[in-house]
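As structure tokens, the structure follows; a few thoughts come after it.
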Amino acid sequence: MSCNIEIGIIEEIDKSRDYSVTESGISYAEHIRSYGCISIPDEELSGLIAATVKAELPVSFCTVSSEHSAGIDPCGVTLIPPSSAEKLLPMLEGYSGAEWYSGLAEICRRSATEGKYMIIFGI
């Protein structure tokens, strides 16, 4: 059975917020919809996730103020700053034939050009 990874944009980052916690009374579906997330089967992203770890792509987990780490966490919440979103774009090139490629590339470009954080909800 496939599980999905949800990827979206945070319109206005709150550097003190823990993005792994949803607001009371909001469903998970509403939560990910608020970030304009696209949904990608986790097995289709395993190679890309491994590439971000190998390349030591700078990210944060759950909060912006958390200790910076490297690579997408496939099981948790990853926050990708605009500078890392720009570095992620070339890593996507090998997936240009994938059904989800254009949606993810657009999120990366928007993050990089508009200076907004990406958010990734792992499985």
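Laboratory data are not the source of any read-out in this text; all were calculated from the coordinates shown. Quick caveat, the model's predicted, so the values are computed rather than measured. So basically every Cβ, Gly included, is an ideal-geometry build from the backbone, and we count neighbours across all protein chains shown.
Measuring from a point 7 Å past the Cα of E106 along Cα-to-C-beta, which residues in the stretch 26-53 have an amide N at less than 16 Å? Taking a point 7 Å out along Cα→Cβ of E106, the residues of the stretch 26-53 whose backbone N falls under 16 Å are 33-40.
How about the stretch 1-103: which GluC sites (Glu not before Pro) there lie in a loop by DSSP and see at most 13 other Cβ atoms within 10 Å? Please list the in-between numbers first.
Details: sites: E6, E11, E12, E23, E30, E43, E44, E56, E67, E86, E93, E99; in loops: E11, E12, E23, E56, E67, E99.
Passing both the DSSP loop test and the Cβ count: E11, E12, E23, E56, E67, E99.
Here the chain is treated with +1 on each Lys and Arg Cβ and -1 on each Asp and Glu Cβ, and its dipole about the Cα centre works out to around 220 debye.
Among M118, M91, sorting on how many other beta-carbon atoms sit within 10 Å of each Cβ, with the fewest leading, yields M91, M118.
The simple spin-label model puts a point 7 Å past each Cα toward its Cβ; for E99 and E56 those points are separated by 3.7 nm. Computed over the chain, relative contact order equals 34 percent, with contacts defined as Cα pairs under 8 Å that lie 6+ residues apart.
Quick check on the chain: helices-only [θ] at 222 nm, where DSSP H runs of length 4 and up contribute -39,500 (n - 2.57) each and the sum goes over total residues. Nearest 500, please.
Numbers: 4 runs with 44 residues, N = 123.
That comes out to -11000 deg cm²/dmol.
Of the trypsin sites (Lys or Arg not before Pro) found in the stretch 3-91, the ones in coil according to DSSP and having at most 12 other Cβ atoms within 10 Å of their Cβ are K15.
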